[in-house]
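Engineer: Got a structure here, written out as structure tokens. Questions coming.
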Amino acid sequence: MENSVTPTPRLWWQDGSIYQIYPRSFQDSNGDGIGDLAGILSRLDYLVELGVDALWISPFYPSPMADFGYDVSDYCNVDPVFGTLADFDRLIAAVHARGLKLILDFVPNHSSDQHPWFLASRSARTSPQRDWYLWRDPAPGDGPPESRPPNNWMSNFGGSSWTYDQRTGQFYYHSFLPQQPDLNWRNPEVRAAMYDAMRFWMERGPNGHGVDGFRMDVLWLLIKDDQFRDNPPNPEWTPGAASFWSVLPTYTADRPETHGIVAEMHDVMSAYPQRVLIGEIYLPLRDLVAYYGFDPNAASSGQPILRGADMPFNFHLIQTDWNAEHIAQLIREYEKELPPGAWPNWVLGNHDQTRLATRVGLGQVRTAAMLLLTLRGTPTLYNGDELAMTNGRIPPNRIQDPAERNHPGMGLGRDPERTPMLWNATSSSAGFTTGEPWLPINDNFAEINVEAQSAAPRSVLWLYRKLLTLRRKYPALHRGSIDQVNAHNGVLSFQRYAEDPQSYQPQRLQIFLNLTDDLQTVTCEAGHILLTTILDGDGAPVEGNLLLEAGEGMIILLS
């Protein structure tokens, strides 16, 4: 395909893999039912044994927890529910001592309404920090001012995105909850304060080497239309559907000025070697890849210089039907759209999406694992997917997520994919806590847990460990090109190729993934099996016709 091996020097995040930890649900160390930094520290050896290279931790900053940490009241501290800055210092030292990297979730679009910045902004129209947030007068018309929002912009969590402030007689804008007012990224003082917070974490650690990067929350939402124009109506919206989709986010998302902000973030991080900037971006591929950035002024060598996010998160595997033809088309399109020099990435699960095992079914979780870890680019795993954890069952009286509370019964709640990590079957809390867990433990914890799968050499956990081992061992998997992406009779196939930098010998790997529930036949060149998803037949020679069981995948080293 057009994109092949990225030229040297290599960066750790290009050859590595990332493991997302939702801290509330990973490991509780003090019995309060909520995971914490000390709990993560106690499980680092598990991540080493799994074979990942970096952990990305969802927010643990001080927060009123209206949206469980995505409403930040202090960007340079740790919420007491998760621990202290001293706990963070111990964690990052232990992470680096094990040869791992640490990526923080950063929330630049909005703060908490309890952040000192917003409290000052809200105090008076004449406040020096008034312009740090988006304030507007009520729209003209009759009726009380609180009934006249400035325009039709809608919140992602339902209803108008404008909340009226009685004290100052204006509305403030929030892309999500009213407790999450959006910052005004057009204000240079806001940008400077945020960049200082980024520097704080990049310098926080032994010898001044802090975190190894950031995952930027909702990066494509940072800038809103400076004229505050109404969003156009969505012609596909029907009454009864989520109110957010009643309009198209033309003036509230992916504004052209956003790319300048991302370039500034890139420049801030460039002063710290080997840091990675990842953007959460839900956009069509062509718009997504624009966030890699391009600096024409720096391209004096004739080669394009990328000056944006190192990896705009590619969520399209989550959004694409589990169908070989559709996925093959996605891979080819993504590779074609990538700018020269851009490094791809793939994601199959996170804290906002239905669990992988629930989405594709238990019969396909193994092929999904092999797909994620053999595609060209950096893979990101979500904690628990390596066990084939399914969505949890949340009784109505245990619902926590505001997305579900604001749209009851519409299936928008994210609690089911955030249930606690399953470590063992020795107690009803599956080793997660000694107290009452903040969300219910999955009903199937006795069978699906780390301890049980570690003792079963053909488990899903063992498959992930072997895949990650192979990915490190073979340059064709962690840095090679991808080609011959095809789909036939429900089988997805592609080849990975690279020259071994040690022996200078070419490596060519063939991957077959049966995404159907039926036995399928494929044809293969001569080679031998490196790994199958059923963990059987490793090392066996192959040539000609091969049978793939339902949901079976195979990696073959071609002769």
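The values are calculated or read from the model by the stated rules, or taken from the named source; none is laboratory data. Quick caveat: nothing in here was measured; it's all calculated off a predicted structure. Glycine gets a Cβ as well: all are built from the backbone with ideal geometry, and neighbour counts include every protein chain shown.
Engineer: Restricting to segment 519-559, give me the number of residues that are within 34 Å of the chain's Cα centre (by Cα) and part of a strand (DSSP E or B).
Structural biologist: Residues flagged as within 34 Å of the chain's Cα centre (by Cα) and part of a strand (DSSP E or B) within segment 519-559 amount to 13.
Engineer: Answer yes if at least one residue in segment 336-353 is charged (D, E, K, R) and farther than 29 Å from residue 393 by Cβ, and no otherwise.
Structural biologist: Checked segment 336-353: at least one residue is charged (D, E, K, R) and farther than 29 Å from residue 393 by Cβ.
Rundown of residues vs (1) under 30 Å from residue 42 (Cα atoms); (2) in contact with a Lys or Arg (Cβ under 9 Å, 6 or more places away or on another chain); (3) surrounded by fewer than 16 Cβ atoms within 10 Å (Cβ to Cβ), yes/no style:
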{"position": "434", "(1), (2), (3)": "yes, no, yes"}
{"position": "445", "(1), (2), (3)": "yes, no, no"}
{"position": "452", "(1), (2), (3)": "yes, no, no"}
{"position": "456", "(1), (2), (3)": "yes, no, yes"}
{"position": "463", "(1), (2), (3)": "yes, yes, no"}
{"position": "466", "(1), (2), (3)": "yes, no, no"}
{"position": "514", "(1), (2), (3)": "no, no, no"}
{"position": "528", "(1), (2), (3)": "no, no, yes"}
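Engineer: Name the helices (runs of 4 or more DSSP H) wholly inside segment 6-62 in which the number of residues that are small (Gly, Ala, Ser) is 3 or more.
Structural biologist: 37-42
Engineer: Tell me the residue from 181, 206 that is exposed (fewer than 14 other Cβ atoms within 10 Å of the Cβ) and either of a type outside the set (Asp, Glu) or outside the structural domain of residue 158 (by TED's automatic domain parsing) (or both), please.
Structural biologist: Only one candidate qualifies: 206.
Engineer: Out of 371, 330, 381, which single residue is closer than 29 Å to residue 16 by Cβ, out of contact with any Gly (no Cβ under 9 Å at 6 or more places or on another chain) and not in a loop (DSSP other than H, G, I, E, B)?
Structural biologist: Residue meeting the stated conditions: 330.
Engineer: Just give me the residues in segment 160-196 being in a loop (DSSP other than H, G, I, E, B) and in contact with a Phe, Trp or Tyr (Cβ under 9 Å, 6 or more places away or on another chain), in sequence order.
Structural biologist: 161, 168, 174, 175, 176, 177, 178, 180, 181, 184, 187
Engineer: Out of curiosity, is residue 390 of a type in the set (Val, Ile, Thr), more than 30 Å from residue 309 (Cβ to Cβ) and surrounded by fewer than 21 Cβ atoms within 10 Å (Cβ to Cβ)?
Structural biologist: No; evaluated as a whole, the condition is false for this residue.
Engineer: Here are some conditions: (1) in contact with a Lys or Arg (Cβ under 7 Å, 6 or more places away or on another chain); (2) outside any loop (DSSP other than H, G, I, E, B). Residue 405 meets all but one. Which one does it not meet?
Structural biologist: Evaluating residue 405 over (1) in contact with a Lys or Arg (Cβ under 7 Å, 6 or more places away or on another chain); (2) outside any loop (DSSP other than H, G, I, E, B) leaves (1) as the failure.
Engineer: Any idea how many residues of segment 241-298 are assigned to a helix (DSSP H, G or I), among the aromatic types (Phe, Trp, Tyr) and farther than 25 Å from residue 161 by Cα?
Structural biologist: Selection size over segment 241-298: 2.
Engineer: Across segment 150-159, what is the total count of residues that are within 29 Å of the chain's Cα centre (by Cα) and assigned to a loop (DSSP other than H, G, I, E, B)?
Structural biologist: 6
Engineer: Name the pairs whose Cβ atoms lie under 8 Å apart, with the first residue in segment 326-337 and within 19 Å of residue 312 (Cα to Cα), the second at pLDDT below 95, and 6 or more positions between them or separate chains?
Structural biologist: Taking only residues 6 or more apart or on different chains, the pairs are 332/1; 335/1; 335/2; 335/3; 336/1; 336/2.
Engineer: Are any of the residues in segment 405-415 within 23 Å of residue 461 (Cα to Cα), at pLDDT 95 or above and among the basic types (Lys, Arg)?
Structural biologist: Within segment 405-415, none of the residues are within 23 Å of residue 461 (Cα to Cα), at pLDDT 95 or above and among the basic types (Lys, Arg).
Engineer: List the number of the failed condition for residue 407; all other conditions in (1) in contact (Cβ under 8 Å) with a residue 12 or more places away in the chain; (2) within 28 Å of residue 44 (Cα to Cα) hold.
Structural biologist: (2)
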